[in-house]
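Undergrad: Quick one: structure below, then a few questions.
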Amino acid sequence: MLNIHNLHASVNGKEILRGLNLNIRAGEVHAIMGPNGSGKSTLSAVLTGNPAFEVTQGEIIFQGRDLLQMSPEERSCAGIFLSFQYPVEIPGVSMVNFMRTAVNEHRKYKGEPPLTAGEFLKLMREKQTIVELDKHLVNRSVNEGFSGGEKKRNEIFQMAMLEPKLAILDETDSGLDIDALRIVANGVNHLKRDDNATVVITHYQRLLDYIRPDIVHVLYKGQIIKTAGPELALELEEKGYDWLKEDATVY
Amino acid sequence: MQQYIDFFTSCRAEIDAQCHPLLNVRRQQALDQFLRTGFPPFGSEDYQHTDIRDLLKENFGFYLQPPTAMQHTCNMFQCLVATLNSYRYFMLNGWFYDENAAADIPQGVFAGSLNVFAACYPQIFERYFNRQAADKGDGLSAFNTMFAQDGYVLYVPADTIVEKPFQLTNLSGGNVSALTNRRLLVVLEAGAQAKLLVCDHSTNEQQASAATQVTEIYLGEHATFDFYEMEESNRKNVRLATTFVEQAALSHAIFNNITLSNGVTRNNFRIDLSGDHAESLLYGMAIADQEQQIDNQTIVNHLAKAGHCDELYKYVLDDEAVGVFGGRIVVAQAAQQTQAFQTNRNLLGNRQCRMFSKPQLEIYADDVKCSHGMTTGQLDENALFYMRARGIPETEAVMLLKFAFMNDVIQGVRIDGLRDRLKLLIEKRFRGELASCRCV
Ligand SMILES: Nc1ncnc2c1ncn2[C@@H]1O[C@H](COP(=O)(O)OP(=O)(O)O)[C@@H](O)[C@H]1O
Ligand SMILES: [Mg+2]
C-alpha cells in the first residue's frame, strides 16, 4: 500500500529525515517509536504534503501512485489521513460545515453526489458515537475551546467520517487519561479493516496495549534503525532507546 | 476644483429650479465654506491616503434634471438583497424615484424624497437638514450641500415602532461619466424604532462614476436605529460618503458599513453621543482586491455620561488593494463612566496589498473604560493545511477562512433575512463570482 524509499526531507533548510525506508501492506498495523525530535512528526507531515517540509530525495509510492506529486487535498481524498499531534483550532468555521465540505470533496473525488443535509447529519451522529464525542462539540468551531482529550477524540471522529485507507496517528495517546485512551483506541480498532492500514506514532507502550501492532519500528535521527515484532515495544519500554543508539551504525 | 465653482455659479438657477427653496437657501453658505477650504487636501491629517482632489479632477457630468427614463432602469435592476421583506425605495443619480416606492408604511412615518419632505414638513426639515453637516463638516460635505438636489428622508415620529426594515437602493450610472451628489436624512424622534438598509450600486461599468453622499442621522431619547449600508459598485466608481450621527440620551444604534466591491471608497463616520447612556455599535467590513481602495474614518465623540460604543472594523485585502482605517475615540471631560472599545483586524492575502491603520484615543475624563486593538496578519497557514489535509481544496479552504474571519461582523446584523443574504454575497465575493453576477 505504501512504499517509502530513501526519503530525505528538511524543514527550514535543516535535514530531518535522512534516508528513511518503510513498507506498509494493507491490513497491517505499524507502530513507529523513537525519542523526541527523531523525525516522527516530520514523517507524518511529509506523508500528508505539508508545504513547510521539503522532500530533497527519495520516493513515496501510495497504492501505485507517486504520492509526492499529489496535493495535500488529493492525498486526503486518495485515502491518507493524519490524526494531528497538535490539532488546529479554526475559529469561525463550524465543525459541521468543515466536515460536510470535507466529506463531499471526498465523494466528489470518487464520483459520488454530495450527501443531502439529512444524510450528512445521520452519518455524523453515527460516527460521533464511535468516539463518544459530545454532541454539542460538532456545533462549535473546529477544535476551538476543546480540551486536549476532546481534540484527540475529534481527530478520530474525523477519521471515522472519512474512512481512510492509511491512517497515521501522531501521538494520539499523549495527554489522554486511561478512559479517553480506551475510547480512542476502540475507535481506531472499530475502523480497522483488511483493506486499510494504520501507523501508530507513539512514545509509550501504553497505547499499544489497546491497538496491537504487527510491526514496530524505531525511528532515530531521521532513519528507521530497527524493525521487529510487537515484542520490541515492550523491550523499548523496559530499556529505553540508548541500547539501540549504540547499535546504530549509520552515524 | 475651480471648474466646480465655475460650474456651480453658472448653473445655479438650473440647480435651484428643480428643488424646494429650503434646500436652496443652504447652498450659499456651503459655497462660502467651499471657497474657503476647497476639498480636504491630500496629506492632511485625515486624508493621508485618499486624494479627493485627484479623484474628482476629471470633468464629470452632472444630472441637474430629474431623470425621465429611469423607470426602465429601476424595474430592470434587481438588487441582490431583493428577497428581503422590506419597504423599498430607489434613487437614481441622486434623484428620488417615486414610481416604485413603498406606500403601505405606518401612519405618521415619512419615507421618500427630500424635496417632498421639505414641502410637507418644513419645520422638521429646517430643524435638522444640514445642521450637522454645516457644524461639523469639511469641504467635502460643503460641496455636497452646494450640489445636492434631492435625496431620501426617513422620518419616524415619537414612539412609533416600525419592525419591517426600510431599504433604499442607490443606483448610479448612465452613458457619460457623472458625478452624483446625494443626501440622506434620518430623524427618529423619542422612543421611535426603525431599521434602514442602503444599497449602493452602479449600473454602468463602462463609465467612470463618482458620488458624494452626506447622511445626517438624528436619534431622539430612547430611539433605536439600525443602519446598514452596503456598497456593491464597480472598479470605476468613486464613493465619498460622510455620515453624521447625533444620539440623545438612552438612544441605541447599530451602524454596519459594508464594502463588498468598489473602486475607491472613502467613508467618514462621525458619531456624537450627546445624551447620557447613549449606545452605539459600529461595525465595518471591507473586502478589496485588484486595485480597490477602501478608506474608513470614524470618530466617536463621547459628550455625555455613561455612553457606550463598541467598534469593530475588519478588512480582507488581496492583490494590490489598499485598506485604510482611522478610528478616533474622544471622551470629553463630562463623559464619565464612558465605555469605549475599538477593534480593527485585517487579513492580507499577499505581500502586495497594503493596510494603514491608525487608532486614536483622546480621553479627558478619568472614570472610563476604553481600549483599542489592531492586528494585521495573513491567513493561518496551520489552519489552511489542516483543512487541506481533510480533503478541502486550497481555494475552498481560503474562502472558508476568510469567511470565518468576517463572521463576527456578519453576526452584528440584526435583520435575519439580511444576514443570511449577506452570507451568500460574501461567499460569492470571496469566490470571485460577485462581479459577474449582480442580479439574482
Ligand atoms: N517547523 C519546523 N521548523 C523548524 N524545525 C522543525 C520544525 N518542525 C520540526 N522541526 C525539527 O525537526 C526535528 C524533528 O521534529 P519532529 O519530526 O517533530 O520530531 P518527533 O515528532 O519525532 O518528536 C526536531 O529537531 C524539530 O526541532
Ligand atoms: Mg512529534
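Since every read-out is calculated from the coordinates, none of them should be taken as a lab result. Because the structure is predicted, anything quoted here is derived from the model rather than measured. Virtual Cβ from ideal backbone geometry, glycine too; neighbours counted across all protein chains shown.
Undergrad: Quick one: net charge of B:Asp319's neighbours, Cβ under 10 Å, K/R +1, D/E -1?
TA: -4
Undergrad: For chain A, what class follows from the C-alpha gyration tensor (a ≥ b ≥ c being the square roots of its eigenvalues): rounded when a/c is under 1.5, otherwise prolate if a/b is larger than b/c, else oblate?
TA: prolate
Undergrad: Do you know the relative contact order of chain A, to the nearest whole percent, from alpha carbon pairs under 8 angstrom that are 6+ apart?
TA: This gives 28 percent for chain A.
Undergrad: Dipole of the protein assembly as shown (Lys/Arg Cβ +1, Asp/Glu Cβ -1, origin at the Cα centre): which of B:Ala133, A:Gly148, B:Pro106 lies farthest to the positive side?
TA: B:Pro106
Undergrad: Take peptide B:374-385, look around each residue's Cβ out to 10 angstrom, count Cβ atoms belonging to other protein chains, and average those counts.
TA: 3
Undergrad: Of the peptides B:134-141, A:7-14, B:297-304, how do they stack up when ordered by the mean number of other Cβ atoms within 10 Å, highest first?
TA: Packing proxy ranking, top to bottom: B:297-304, B:134-141, A:7-14.
Undergrad: Counting only C-alpha contacts under 8 Å and six or more residues apart, can you give the relative contact order of chain B as a whole percent?
TA: 10 percent
Undergrad: Projected onto the charge dipole of segment A:2-245 (+1 at Lys/Arg Cβ, -1 at Asp/Glu Cβ, origin at the Cα centre), which of A:Ala185, A:Gln128, A:Ser94 gives the Cα projection farthest towards the positive end?
TA: Result: A:Ser94.
Undergrad: Next up: Could you list A:Asp173, A:Asp209, B:Asp276, B:Asp416 so that the one with the fewest beta carbons within 10 Å of its beta carbon is first and the one with the most is last?
TA: With the sparsest Cβ surroundings first, the list reads B:Asp416, A:Asp209, B:Asp276, A:Asp173.
Undergrad: Could you tell me the relative contact order of segment B:6-71? Use alpha-carbon pairs under 8 Å, at least six residues apart, and round to a whole percent.
TA: Reported relative contact order: 27 percent.
Undergrad: Which of the lysines could a cross-linker bridge to A:Lys226, judged by Cα under 16 Å and excluding same-chain residues fewer than eight apart?
TA: Straight-line reach from A:Lys226, under 16 Å: A:Lys40, A:Lys239, A:Lys245.
Undergrad: While we're here: Just name one of B:His308, B:Ser261, B:Asn237: the one whose Cα is farthest towards the positive end of the charge dipole of segment B:236-317 (beta-carbon charges, Lys/Arg +1, Asp/Glu -1).
TA: Looking along the dipole axis, the top candidate is B:Asn237.
Undergrad: Considering every residue in A:91-97, what mean count of other chain Cβ atoms within 10 Å of its Cβ is obtained?
TA: Other-chain Cβ atoms within 10 Å of each residue's Cβ, averaged: 5.
Undergrad: Using a/c under 1.5 as the rounded threshold, could you call chain B rounded, prolate or oblate? The axes a ≥ b ≥ c are square roots of the C-alpha gyration tensor eigenvalues, and prolate needs a/b larger than b/c, oblate otherwise.
TA: rounded
Undergrad: Run the reach check for A:Lys108 against lysines, Cα to Cα strictly under 25 Å, same-chain hits fewer than 8 apart removed. What comes back?
TA: Partners found: A:Lys122, A:Lys127, A:Lys165, A:Lys192, B:Lys402, B:Lys423, B:Lys428.
Undergrad: Express as a percent, rounded to the nearest 5, the fraction of DSSP beta bridges in chain B (both residues included) that run antiparallel.
TA: Within chain B, antiparallel bridges account for around 5 percent of the total.
Undergrad: At 222 nm, what helix-only mean residue ellipticity would chain B give, in deg cm²/dmol to the nearest 500, using -39500 (n - 2.57) for each DSSP H run of four or more?
TA: The per-residue figure over chain B is -7500 deg cm²/dmol.
Undergrad: Nothing charged except the Cβ atoms of Lys and Arg (+1) and of Asp and Glu (-1): what's the magnitude of the dipole of chain B about its Cα centre? Round to the nearest 20 debye.
TA: It comes to approximately 460 debye.
Undergrad: Divide by every residue of chain A the summed helix terms, -39500 (n - 2.57) for each DSSP H run of at least 4, and state the resulting mean residue ellipticity at 222 nm, rounded to the nearest 500 deg cm²/dmol.
TA: -11000 deg cm²/dmol
Undergrad: Can you grab the distance from the C-alpha centre of segment B:43-63 to the C-alpha centre of segment A:12-55, Å, no decimals?
TA: 58 Å
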